[in-house]
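The values are calculated or read from the model by the stated rules, or taken from the named source; none is laboratory data. If you're wondering where the values come from, they're calculated on a predicted model, not measured in any experiment. No Cβ is skipped: glycine too gets one built from the backbone with ideal geometry, and neighbour counts run over all protein chains shown. The accessibility values were calculated without ligands, DNA or RNA, using every heavy atom of the protein model including side chains. Shrake-Rupley method; radii C 1.70, N 1.55, O 1.52, S 1.80 Å.
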Amino acid sequence: MAEYKLSINGKSLTVEAEPATPLLWVIRDTLGMMGTKFGCGMAQCGACTVHLEGTAIRSCTFPVSAAVGKKITTIEGISEDNSHPVQRAWIEVQVPQCGYCQSGQIMSAVALLSKNQKPTDQDIDLAMQGNLCRCGTYPRVRKAIHLAANMMTHEIN
């Protein structure tokens, strides 16, 4: 095992793991941060989405050794009190059904809005296409992203 210093949610943390250990297992099993979910284990469903340097990545296939020296943000790091506009929009639109995929959905939506403050339906569909929802909440996801974009625009101005 090797020792890795990680920056997660603004905190510097040291963990021991094999170099190829998926970042997801370090986040969940080693650090006990359970907001990020395991879905398919093949980077196909998006349930494990976290941010690496602000970009949405699939942590189930991303090796911990490649995360050293980079800023990692999990769903726990978006806000401590669900005050992020995307979280507020998710609640207002009542996006979740079973909820399992929602942390990954929110992380992808936050990454989208950090790069595109006025996404079109096409932009949203493209950015969110790697996040699967067994419950079919896609129309509400799109509506919540538009609402969050509107909130962010009005809060900035």
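Evaluate the following for Thr153: is it free of Cβ contacts under 8 Å to residues at least 40 places away in the same chain, assigned to a helix (DSSP H, G or I) and not small (Gly, Ala, Ser)? Outline the logic, then answer.
Details: free of Cβ contacts under 8 Å to residues at least 40 places away in the same chain: yes; assigned to a helix (DSSP H, G or I): yes; not small (Gly, Ala, Ser): yes.
Yes.
Closer than 25 Å to Lys11 by Cβ and more than 13 Å from the chain's Cα centre (by Cα), is that true of Ala67?
Working: closer than 25 Å to Lys11 by Cβ: yes; more than 13 Å from the chain's Cα centre (by Cα): yes.
The answer is yes for Ala67.
Just the residues that are crowded, with 17+ Cβ neighbours inside 10 Å, out of contact with any Lys or Arg (no Cβ under 8 Å at 6 or more places or on another chain) and closer than 13 Å to His84 by Cα, please, taken from segment 125-157.
Ala144, Ile145, Leu147, Met152
Thr55: β-branched (Val, Ile, Thr), under 17 Å from the mean Cα position of the chain (by Cα), crowded, with 17+ Cβ neighbours inside 10 Å and within 30 Å of Ala2 (Cβ to Cβ), yes or no? I'd like the intermediate steps shown before the answer.
Working: β-branched (Val, Ile, Thr): yes; under 17 Å from the mean Cα position of the chain (by Cα): yes; crowded, with 17+ Cβ neighbours inside 10 Å: no; within 30 Å of Ala2 (Cβ to Cβ): yes.
Here the answer is no, as Thr55 does not meet what is asked.
Could you look through segment 118-150, keep only residues that are in contact (Cβ under 8 Å) with a residue 40 or more places away in the chain and of a type in the set (S, T, N, Q), and pick out the one that is nearest to Cys60 (Cα to Cα)?
Ranking the candidates gives Asn131 first.
Out of all the residues in segment 10-38, which are closer than 21 Å to Leu112 by Cα and either at pLDDT below 95 or more than 12 Å from the chain's Cα centre (by Cα) (or both)?
Within segment 10-38, Gly10 is the sole residue that qualifies.
Taking the condition at pLDDT below 95, at negative phi and out of contact with any Lys or Arg (no Cβ under 9 Å at 6 or more places or on another chain), does Arg88 pass?
On the way: at pLDDT below 95: no; at negative phi: yes; out of contact with any Lys or Arg (no Cβ under 9 Å at 6 or more places or on another chain): yes.
The answer is no for Arg88.
Give the number of residues within segment 45-74 that are outside any strand (DSSP E or B), in contact with a strand residue (DSSP E or B) (Cβ under 8 Å, 6 or more places away or on another chain) and within 16 Å of Met107 (Cβ to Cβ).
Residues that pass the stated criteria total 11.
Condition (residue is more than 18 Å from Cys40 (Cα to Cα) and open to solvent by 40 Å² or more (accessible area, probe 1.4 Å)) applied to segment 102-109: is it met by at least one residue?
Step one: of segment 102-109, the residues more than 18 Å from Cys40 (Cα to Cα) are 109.
Remaining after also requiring open to solvent by 40 Å² or more (accessible area, probe 1.4 Å): none.
No: segment 102-109 contains no residue that is more than 18 Å from Cys40 (Cα to Cα) and open to solvent by 40 Å² or more (accessible area, probe 1.4 Å).
Identify, from the list Ile91, Ile72, the residue that is open to solvent by less than 40 Å² (accessible area, probe 1.4 Å) and of a type outside the set (Lys, Arg).
Values: Ile91 fails: open to solvent by less than 40 Å² (accessible area, probe 1.4 Å).
Among Ile91, Ile72, only Ile72 is open to solvent by less than 40 Å² (accessible area, probe 1.4 Å) and of a type outside the set (Lys, Arg).
Can you tell me which residue is least open to solvent (accessible area, probe 1.4 Å) among those in segment 20-44 that are among the charged types (D, E, K, R) and outside any loop (DSSP other than H, G, I, E, B)?
At the first step, the residues of segment 20-44 found to be among the charged types (D, E, K, R) are 28-29, 37.
Subsequent filtering for residues that are outside any loop (DSSP other than H, G, I, E, B) retains 28-29.
Working: Arg28: 47, Asp29: 108 Å².
Applying the filter and picking the extreme gives Arg28.
Across segment 1-19, which residue is nearest to Ala67 (Cα to Cα) among those that are open to solvent by 60 Å² or more (accessible area, probe 1.4 Å) and assigned to a strand (DSSP E or B)?
For segment 1-19, the residue satisfying everything is Lys5.
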